[in-house]
Amino acid sequence: MRVLIVEDEPDLLRTISQALREDGYAVDEASDGQEGLYKATSWEYDVIVLDLLLPKLTGWQVLEKLRETRATPVLILTARDGVDDRVKGLDSGADDYLAKPFHLKELKARLRSLIRRSNGIASSQIQIGELIVDTTAKTVTRGQTLLLLTPREFSLLELLALHRGQVVTRTRIYEHLFDETDDSLSNLVDVHVSHLRRKLGKDFITTRRGQGYILHD
Ligand code: CA
């Protein structure tokens, strides 16, 4: 999953990025509203964390502009007593909010929930045949066996599972697995897919030549 964080406090930005990277997210950063809006409209993020008080463009302005073209889920960060800010943010198209200071655990839970909701999935467990992908515990089991996946392999499987039965293009996979700090080559997508296939058993993921990959329901 790929997330954009728009936050002008360097320490907070770093803390959030680090915590999300540890959970296997690909994380892009922006430290003002203009940069945030540019990135938010240039790439397809699974979720955006948006501070409201930002230089150049405020969070509300970013939201309004973003909503002209994109429905990306947005969680806004507000001041503890900022009831009016929250209301204005939600009215401008934010999907959720969190008041500062917050616990990273809660931020992570809210982001997972936003990603699930935007994919129309109610439970944190996705079942595909005898495969169970737990998006909260970040575990995968096949029957009684716990499969050991790397964070990237898990992200790949999660993306395919959220879109099970549909072709997911290599470009899309690439955009969701790698962030702006990665200079990896795109053919690594195929390498991750083949590793994942080896761990899952080969009947789960099918290659559509020239299109992408499908995880069968
Ligand atoms: Ca701020």
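Given the Cα-Cα distance of ARG209 and ALA79 and 0.36 nm per residue of separation, how much length would full extension add, in nm?
Values: separation 130, 0.36 × 130 = 46.80 nm, distance 4.96 nm.
Roughly 41.8 nm would be gained on extension.
Any idea of the accessible area per residue across the chain, 1.4 Å probe, to the nearest Å²?
Values: 10800 Å² over 217 residues.
Accessible surface, normalised per residue, equals 50 Å².
So, with +1 on the Cβ of K and R and -1 on the Cβ of D and E, and no other charges, what is the size of the charge dipole of segment 41-176 about its Cα centre, to the nearest 20 debye? Let's see the in-between values first.
Values: 20 positive and 17 negative charges, 48 e Å.
Once rounded to the nearest 20, the dipole reads 220 debye.
Write down the radius of gyration of segment 87-217 and its Dmax, each obtained from C-alpha positions, in Å.
Taking only Cα atoms of segment 87-217, I get Rg and Dmax of 16.3, 49 Å.
Would you work out the relative contact order for the chain, in percent, from Cα pairs under 8 angstrom that are 6 or more residues apart?
On the way: 358 pairs, mean separation 36.7, N = 217.
Answer for the chain is 17 percent.
Could you tell me the relative contact order of segment 1-112? Use alpha-carbon pairs under 8 Å, at least six residues apart, and round to a whole percent. Don't jump to the answer; show the numbers that get you there.
Values: 195 pairs, mean separation 25.7, N = 112.
Over segment 1-112, the number comes to 23 percent.
Could you tell me the center-to-center distance, by alpha carbons, between segment 1-77 and segment 82-106 in angstrom?
About 13 Å separates the Cα centre of segment 1-77 from the one of segment 82-106.
The values are calculated or read from the model by the stated rules, or taken from the named source; none is laboratory data. Bear in mind the structure is a predicted one, so any value in this text is a computation, not a measurement. A quick note on method: Cβ atoms are made from the backbone with ideal geometry, for glycine too, and the neighbour counts reach across all protein chains shown. The area values use the complete protein model at the heavy-atom level, side chains included, leaving out ligands, DNA and RNA. Shrake-Rupley method; radii C 1.70, N 1.55, O 1.52, S 1.80 Å.
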